[in-house]
Amino acid sequence: MGNPIRKYLESVLKDIAINLDVKVSFRLNDQNEKRMPDELLSELKSRIGKSGGQDIKAKVPIIDRVGYSTILGNLLSHDNPFNPKIGDLRAFWADIIELEKIFYCQEVGCKRPKVTLRNYDNVAKKIRCGCDTTKYEWKP
């Protein structure tokens, strides 16, 4: 189960990175698609540090926790003697869900649930989802 969870995390992080214009180092062609979660998490934290307000910076401990959890995902993706317990997998999954709640609106019926720069509010200086429920201070 660890490998599918890790793949899901990578997909979520790529989506978040695209929506917030997170800069990662240049890679040629298919190498660009082989981003590891720790690289994406590190650059996401850097982007938040440069552009985010205190409201989203307060969420960095959750991002850090996901980073620590990816160690479990890495262990489970390779052949080794590590034998995880179901509680470990549940904790890893719960961290990913909590990360998603930062960047995806939880309001039922939100037509554009992703927090993205495309929904940047120039007046309030905030990034937000489509229904304006989930929003954070942001410097362009």
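The values are calculated or read from the model by the stated rules, or taken from the named source; none is laboratory data. All values reported here derive from a predicted model rather than from experimental measurement. Ideal geometry is used to build each Cβ from the backbone, glycine not excepted, and the neighbour counts take in all protein chains shown.
Would you mind stating whether I48 is among the β-branched types (V, I, T), closer than 18 Å to A94 by Cα, in contact (Cβ under 8 Å) with a residue 12 or more places away in the chain and surrounded by 12 or more Cβ atoms within 10 Å (Cβ to Cβ)? Full working, then the answer.
Details: among the β-branched types (V, I, T): yes; closer than 18 Å to A94 by Cα: no; in contact (Cβ under 8 Å) with a residue 12 or more places away in the chain: yes; surrounded by 12 or more Cβ atoms within 10 Å (Cβ to Cβ): yes.
Judged against the criteria, I48 is not a match.
Among the residues of segment 90-97, is there at least one that is within 19 Å of D21 (Cα to Cα), surrounded by fewer than 19 Cβ atoms within 10 Å (Cβ to Cβ) and not aromatic (F, W, Y)? Quick ask: steps written out before the conclusion?
Narrowing segment 90-97 to residues within 19 Å of D21 (Cα to Cα): none.
For segment 90-97, residues within 19 Å of D21 (Cα to Cα), surrounded by fewer than 19 Cβ atoms within 10 Å (Cβ to Cβ) and not aromatic (F, W, Y): absent.
From the list V22, V108, V66, which residue is modelled with pLDDT of 85 or more and either in contact with a Ser or Thr (Cβ under 9 Å, 6 or more places away or on another chain) or of a type in the set (F, W, Y) (or both)? Give the derivation first.
Details: V108 fails: either in contact with a Ser or Thr (Cβ under 9 Å, 6 or more places away or on another chain) or of a type in the set (F, W, Y) (or both); V66 fails: either in contact with a Ser or Thr (Cβ under 9 Å, 6 or more places away or on another chain) or of a type in the set (F, W, Y) (or both).
Matching residue, one of V22, V108, V66: V22.
Could you tell me how many of the residues in segment 52-68 are crowded, with 18+ Cβ neighbours inside 10 Å and assigned to a helix (DSSP H, G or I)?
Going through segment 52-68 one residue at a time, the tally reaches 4.
What tally of residues in segment 14-45 results from selecting those that are of a type outside the set (S, T, Y) and free of Cβ contacts under 8 Å to residues at least 24 places away in the same chain?
Selection size over segment 14-45: 13.
Can you tell which of L76, L13, L41, L99 is touching a Pro at 6+ places or on another chain (Cβ under 8 Å) and either modelled with pLDDT of 85 or more or of a type in the set (D, E, K, R) (or both)? Steps first, answer last, please.
Values: L76 fails: either modelled with pLDDT of 85 or more or of a type in the set (D, E, K, R) (or both); L41 fails: touching a Pro at 6+ places or on another chain (Cβ under 8 Å); L99 fails: touching a Pro at 6+ places or on another chain (Cβ under 8 Å).
It is L13.
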